[in-house]
Amino acid sequence: MNTVTQPDDQTFLDDVEGYCGKLSYAPGEQVALHVSTRRDRYAVRVERWGAQREVVWSARDLPGEFFEPPTDADSDGCRWPIAVQFPVEHGWRSGFYLVTLEAADTSPGRDVAHACFVVRADPADRARALYVLDTNTWHAYNTWGGRSLYTGGHQVSHARPFGRGMLSRPDVDRDDRKARPRRWGEEPDVDGAAFQRYRTEHDYPAAIGSAGWFTHARRFVEWAEGAGYRLDYAISTDLEHHPDLLDAYDLVISIGHDEYWSAGQREAMDAHVERGGHLVSFSGNTCFWQVRIEDLPGGIAMVGHKYRAHLDDPVVDDGRPDQMTGMWADPLVGRPEWELLGASSTFGLYHRFGAATPRGVGGFVVYRSDHWMFAGTGLTYGDVLGVDDGIVGYETLGCPLTFDEFQLPVAAPRPGLPADIEIVAFTPSSNLAVGEYPASISALSDQGDLEFIAERVYGGTSDVNLARVRHGNSVMLSCRPNGPTGGEVVTVGTTDWVFGLDGDPAVAQVTANVLDHFLAD
C-alpha cells in the first residue's frame, strides 16, 4: 500500500478511490467506473453540476474490493477492473458529472472520494456554444500515484484518480488561491504561506490552486448556467479524438488554466477560427505547452517533456521537431500561440505570484472604455476592473505593447501576431527566475521560466533577453487571426477571472457582453 510521504502525495489517503474509464461520453454510452476500497461496502452518487447539482444516478451497498495502486500508476494508469457500469441516458444534458464514492464504516474525512466525466451533446439537440474544459491541465497537475508533469514526470495517465480536492471540496473565501487577494492594510503573501497552510492542514495537493473542476470551471458554469446561457460541454482530448466536433458550433469557450494543447486540439481550434467560428478565452497561460496523447493498454496518457523537450523528446532526433512536447512558441515547434490568441505567456506569465508583481493591482486597467466589452459597466478610462476579487493572477497572457499618439496601447510588431489586435485593458505581469517562486508552486524548485523563455524564444540568457521576458503584461484584447473572413477571438489573459463573476457586477457584465456578442441573434 502506498504511504503518504509528502503533502503532494495523497495516494490512497482516503479509504476509497476511483476513476472513470473515459472522461467524456456520448449519450447512450456506458460509463465504466473503476473503484478500489479498503472497506467491504461503498455507495456511488452521480450528479450533473450546473447552476445547481442534480442527482441522476445512484447505487448503495456495493461490494468493495481493494486493488493496490501500481508503482507506475502515474504514467501508465491504475488498470483496476471495472466495478460499476451505468448508461448515459439520452435525457441527460450535456455537462459535467461528478461521481461521489462513499466508503462504509470508516473514519469521517477519509470516507469520500470523487471521480468525474463529461457528457457531450446529442447531435440532434446542440447549443451554439461549446465549453471545452481544460482537462489536459488537470492531468498535467495530478500527482495521484506518483509524479505529475511538474514533479519529474514526462508521461501522465488519464486512467487514475484525481488528487484530493481537485474535483470537489468545501468552498472557502481565498485561502485556496495561488494569488490570494489582499485586503486593506495587508502585506502580500509572497511565499504563498496561507495557501500552503490551508492545503496541508486539509491534505490537499498544491494542484488545487491551479487545476481541476472546482477551482475555475465550476465557478464559470454555475454563473453561466445560472444566468441562462445554454452550453454544450467537451474535454481537451475530445478535440483530438473527434476532430470535426467544432464544426457544429458558432463559439468555443476556454476558461481558467487551459495550458496544455495537443496538436489535434490546436488544429481543431485553428480550423474553427479560420472558417469563421469564434473563440473566447478567459484563461491564463493558455496553449503554452504542446503535448502528445498516446494510447496505452491501461488507457490514454499524455506526454509532455516541457523544459527538457528539446533535449529529451525522441521526436526531435526522429526528424519531427514540430511534434516536440515543449512550448508552442519554441522555434523547433514554430506555432506560437499568439498566432491564434493575439497573446502569449511569453509576454507575461505571472501576476501576484511569488516575486512577480507581488503588490500588483490584481485587476485590469481600462484603456478603451468605449469598446463593446465594457458596455453597461460604467467603467471609464483608467478605472480598474476586478481589483476587489483579484481577477488578474496567478498566471496570465500578455501582448508586446507600444502606445499610439493618444497614449492608448497597441500591439508592437511581432512576427505571427494578428494584424488587427485591439487592446482594451492590461496590467503589468512578469516572469520568474530560479529562486523567485513561492512555496505554493506545484513544480520542482529548479524551474526558471524567465531563463527558459529567454533561451528558447530569444536565443540566450543575456541581460537584454532576460529583461525582454521579465517585463510583460496581462491583457484583454480582441482580434481576427485570419482577417475579415475568419472568426473573432477574445483573449482575457488571466486564470483568475472567474473569481469575480459572483461578486463583481462589472466582471459579470463584461463576461455577458462577450458571450452575447457572439450568441445574440
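Overview of results
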| item | result |
| --- | --- |
| Residue list for the range 237-263, restricted to those being buried (at least 18 other Cβ atoms within 10 Å of the Cβ), in a loop (DSSP other than H, G, I, E, B) and over 15 Å from the mean Cα position of the chain (by Cα) | Tyr249 |
| Residue, most open to solvent (accessible area, probe 1.4 Å), within the range 365-383, restricted to residues that are under 16 Å from Gly493 (Cβ atoms) and not in a loop (DSSP other than H, G, I, E, B) | Val365 |
| Pick from the range 464-505, criterion hydrophobic (A, V, I, L, M, F, W, C) and out of contact with any strand residue (DSSP E or B) (no Cβ under 6 Å at 6 or more places or on another chain), ranking: farthest from Leu130 (Cα to Cα) | Val464 |
| Which numbered condition Leu515 fails, given (1) at pLDDT 95 or above; (2) touching a Ser or Thr at 6+ places or on another chain (Cβ under 9 Å) | (2) |
| Total residues in the range 168-206, condition of a type in the set (Asp, Glu) and either farther than 19 Å from Arg219 by Cα or touching a residue at least 60 places away in the same chain (Cβ under 8 Å) (or both) | 6 |
| Every pair of residues 6+ apart whose Cβ atoms lie under 7 Å, when the first sits in the range 326-351 and is under 19 Å from Gly459 (Cα atoms) and free of Cβ contacts under 8 Å to residues at least 40 places away in the same chain while the second is open to solvent by 10 Å² or more (accessible area, probe 1.4 Å) and not acidic (Asp, Glu) | Leu332/His310; Leu332/Val316; Leu332/Pro321 |
| The range 26-40, residues that are open to solvent by 30 Å² or more (accessible area, probe 1.4 Å) and either in a strand (DSSP E or B) or farther than 25 Å from Arg126 by Cα (or both) | Gln30, Arg38, Arg39, Asp40 |
| Single match in Leu515, Leu477, Leu519 (criterion: under 22 Å from Gly393 (Cβ atoms) and touching a residue at least 60 places away in the same chain (Cβ under 8 Å)) | Leu477 |
| Breaking point among (1) open to solvent by less than 50 Å² (accessible area, probe 1.4 Å); (2) within 27 Å of Gly487 (Cβ to Cβ); (3) within 21 Å of the chain's Cα centre (by Cα), for Glu339 | (1) |
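The values are calculated or read from the model by the stated rules, or taken from the named source; none is laboratory data. Computed from a predicted model, the values in this text were never measured in an experiment. Note: ideal-geometry Cβ built from the backbone for every residue, glycine included; neighbour counts use all protein chains shown. For the accessible areas, the whole protein counts, side chains as well, though only heavy atoms, and no ligand, DNA or RNA atoms are used. Shrake-Rupley method; radii C 1.70, N 1.55, O 1.52, S 1.80 Å.
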